[in-house]
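The values are calculated or read from the model by the stated rules, or taken from the named source; none is laboratory data. The model shown is predicted, which means the values in this text are computed figures rather than measured ones. Reconstructed Cβ throughout: ideal geometry from the backbone, glycine too, with neighbour counts over all protein chains shown.
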Amino acid sequence: MPTVNLWATDGYVGTPDGKNVYIWGFTDKEGGAAQLPGPAIIVKQQPYLIPTVVTVNLTNKLAEPVSLVFPGQGEVRVNGQPAQPQYQGDKLVSFINHALPGETITYQVTLTGPGTFLYESGTYPHRQVQMGLHGAMIVRPPDYLGLHPEKQTAYGRNTGTEFDREYLLVLGEIDPGLHQSVEHGLPYDTGEFNPRYRTINGKCWNGTVSGDGDGHLPARPYGSMIMMEPGEKVLLRCAGAGFESHPLHPHGNHARVVGLDGKLLQNCGISGTTDLSFKRFTILTGPGQTCDLIYTWTGPGYEPDTNPIPTRLPQIRKMALAPTGLTMWSGSPYLGVKGELPGEIESCNQIGEYHFMLNSHGVPGITGQGAFPGGMPAMIAVYPAGTLEPHHGMLPTESHTP
Ligand SMILES: [Cu+2]
């Protein structure tokens, strides 16, 4: 059975306006700094009817109690006993047994089934979860087999959830006022919540287009640069870790919602299976909610010889990104083709790939310091067929050795 070791600790993350924000968070490295979001717990379920129990050892390096809750999972035992909420007098402190400063506590979590979930602190959650004490939990179906066309699925074979690549998008916000109050031990009124930064995997634009494990963002190792090839099925695992709802819109095509809150949108009745999955223009992930989407892009006719598209070059001032002299235009409307670009303009499309935005349609969500773009736009990059390495967007089959 898989065992995961987590430490609750603190750290700092940078913001696009050059500030450093104090955070709390989890790390799976002893002596490591807090990570935002916490390390994804990825486990493969045991064959059906055999319970899968994940052991999570939490060591608390913070100065107040910290605990872990696992929304959507089955029974949780703590140090072998049934879990209990914790009170101080008549005041609820934790939804579940917590670790006091310096202590280690062991949770045994019985999984309910495959899907995308969150784990988070159950202690003063209005403060601790918002400070960063949260992460994603991904449960793979028992028949999961990576790189197998029918068995690389979100919910199991024959559930219509096969995918070619997968990306984790943990959505949240940062109110620097809260973080500053916590850093200096001052009181904070949650009613005054005023997030200045909306984040995907802890990052604002343009950190959202950095890849997995980019060295300059060590506390935030999960990328949100969606890289794919035409026709591929891309599983987007969205998890709402903040207080706000985030309406994400992938440009280029609608996405199909195949799972909500770690439940497959399919009903198996006596007379067969009813497919309850649906396509949406904009997909809302609410606080505490998870949402599994499958996104495909198949642009018809991107052949310069057989399907010439009469396209006029945009004006130069519309092609550049601000005054940088960079553009997302390759100089050609054809996938995988680069054309002439005038003047000093340099193209970001290194091999003529297409870029679409994947962004929040909430206005505060796509601005930062009052300007667009900021906050939570990310990008989808469609690469010409056969040019993308298979490892892009592949999370490990299991994050911790069984
Ligand atoms: Cu949009």
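Data table
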| item | result |
| --- | --- |
| Strands (runs of 3 or more DSSP E) enclosed by the stretch 67-132 - at least 2 residues per element that are more than 26 Å from LEU178 (Cα to Cα) | 76-78, 104-110, 115-120 |
| Members of the stretch 352-386 that are loosely packed, with under 14 Cβ neighbours inside 10 Å and closer than 23 Å to GLU166 by Cα | ALA385, GLY386 |
| Test: residue in the stretch 24-32 that is at pLDDT 95 or above and in contact with a helix residue (DSSP H, G or I) (Cβ under 8 Å, 6 or more places away or on another chain) | yes |
| Only one of TYR155, TYR197 that is under 14 Å from LEU36 (Cα atoms) and touching a strand residue (DSSP E or B) at 6+ places or on another chain (Cβ under 9 Å) | TYR197 |
| Flag for THR285 being touching a residue at least 24 places away in the same chain (Cβ under 8 Å), surrounded by fewer than 16 Cβ atoms within 10 Å (Cβ to Cβ) and not aromatic (Phe, Trp, Tyr) | no |
| Wholly enclosed strands (runs of 3 or more DSSP E) of the stretch 239-356 bearing at least 1 residues within 16 Å of the ligand (Cβ to nearest atom) and touching a Leu at 6+ places or on another chain (Cβ under 9 Å) | 246-250, 255-260, 278-280, 283-285, 290-295 |
| Within the stretch 152-186, considering residues that are part of a helix (DSSP H, G or I) and free of Cβ contacts under 8 Å to residues at least 24 places away in the same chain, the one farthest from PRO250 (Cα to Cα) | SER181 |
| Any hit, the stretch 215-230, residues being more than 16 Å from the ligand (Cβ to nearest atom), modelled with pLDDT of 95 or more and closer than 18 Å to GLY288 by Cα | no |
| Enumeration of residues in the stretch 368-384 that are within 19 Å of the chain's Cα centre (by Cα) and over 19 Å from THR327 (Cβ atoms) | GLY374, GLY375, MET376 |
| Matching option when the condition is among the aromatic types (Phe, Trp, Tyr) and over 26 Å from MET357 (Cβ atoms), among TYR188, TYR197, TYR222, TYR167 | TYR188 |
| Residue that is farthest from LEU133 (Cα to Cα) [pool: residues in the stretch 198-232 that are touching a His at 6+ places or on another chain (Cβ under 9 Å) and of a type in the set (D, E, K, R)] | ASP212 |
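Residue-by-condition table, conditions (1) free of Cβ contacts under 8 Å to residues at least 12 places away in the same chain; (2) not assigned by TED's automatic domain parsing to the domain that holds GLY331:
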{"site": "HIS355", "(1), (2)": "no, no"}
{"site": "HIS361", "(1), (2)": "no, no"}
{"site": "THR367", "(1), (2)": "yes, no"}
{"site": "ALA371", "(1), (2)": "yes, no"}
{"site": "GLY374", "(1), (2)": "no, no"}
{"site": "GLY393", "(1), (2)": "no, yes"}
{"site": "PRO396", "(1), (2)": "no, yes"}
{"site": "SER399", "(1), (2)": "no, yes"}
